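Remarks on the structure that follows.
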Amino acid sequence: ETDIWANAFERAVRFESVSKSFEDRDAVRALDLVVPRGSFFALLGPNGAGKSTTIELLLGFIRPTAGSATVLGLDVRRDVTAGHRRLAYVPSVADLWPSLTGEETLRLLGNLHGSVDVAYRSQLVERFELDVDKKNRAYSHGNKQKVVLVAAFASRAELLLLDEPTTGLDPLMEQQFRTCVAEAKGRGQTV
């Protein structure tokens, strides 16, 4: 049996005694966590439990107060740029460029990431029933989420970090999201 604690190649995410404090409160306290590559993993908890803080630590947006963390074998403090090339992130609230269309935003995000499966992106646009000719300022919250979801899935990133990704989606689109997650996992991506 493979020891995912010892073998960095088998881990998508590793936290060793990671803590993050803000002034007088602990947002994350001594978290030990291993997420195997190719798996689906969910952080569940009430508001304020530290879920979004954990994702921000993984992305290198904030630094841990204590402990160490790696994403795809890369240190989240030292190797931020290399890590971001291999992952895709969907925030709970998509703050998109208001004057760009959905199509322009998808192209921009694909160029920023450096990897995009254009044919798959077109399929996703249809599946999510996204009108890419509209300006982002005209999109509802749910349609903005569709844009970032399409961009993330179309990147074919090794690791998909999703923070409340279905916020604003209707039940039919939530079903489409679940199908995309299953397909990503089936391709060996970690979600």
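The values are calculated or read from the model by the stated rules, or taken from the named source; none is laboratory data. As the structure is a prediction and not an experimental result, all values here were calculated from the model. Please note: Cβ atoms are built from the backbone with ideal geometry, for glycine as well, and neighbour counts cover all protein chains shown. For the accessible areas, the whole protein counts, side chains as well, though only heavy atoms, and no ligand, DNA or RNA atoms are used. Shrake-Rupley method; radii C 1.70, N 1.55, O 1.52, S 1.80 Å.
The table below gives the values:
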read-out: Exposed chymotrypsin sites (Phe, Trp or Tyr not before Pro) absent - longest run of the chain, DSSP non-H/G/I/E/B, at most 16 other C-beta within 10 Å; value: 62-191
read-out: Descending semi-axes in Å of segment 72-191, equivalent ellipsoid built from Cα gyration tensor; value: 22, 17, 13
read-out: With DNA, RNA and ligands ignored, accessible area of Arg187 (1.4 Å probe; Å², nearest 10); value: 100
read-out: For the chain, size of Cβ-based charge dipole, Lys and Arg +1, Asp and Glu -1, in debye; value: 280
read-out: Dipole of the chain, positive end: most advanced residue of Thr81, Leu57, Ala30 [Cβ charges, Cα centre]; value: Thr81
read-out: Accessible surface of the chain [probe 1.4 Å, protein heavy atoms]: carbon and sulfur percent; value: 50
read-out: Stokes-Einstein D in µm²/s, Kirkwood radius over Cα pairs - segment 14-153 at 10 °C with 1.306 mPa s viscosity; value: 95
read-out: Segment Phe41-Ser115, extension gain: residue separation times 0.36 nm, minus the distance between their alpha carbons; value: 24.3 nm
read-out: For Arg37, solvent-accessible area (1.4 Å; no DNA, RNA or ligand), Å²; value: 70
read-out: Residue-normalised accessible area of the chain, given per residue in Å² at a 1.4 Å probe; value: 53
read-out: Fully extended contour minus Cα-Cα distance, from Phe22 to Ser140, at 0.36 nm per residue; value: 39.2 nm
read-out: P(r) weight above 11 Å for segment 77-118, C-alpha pairs, percent; value: 72
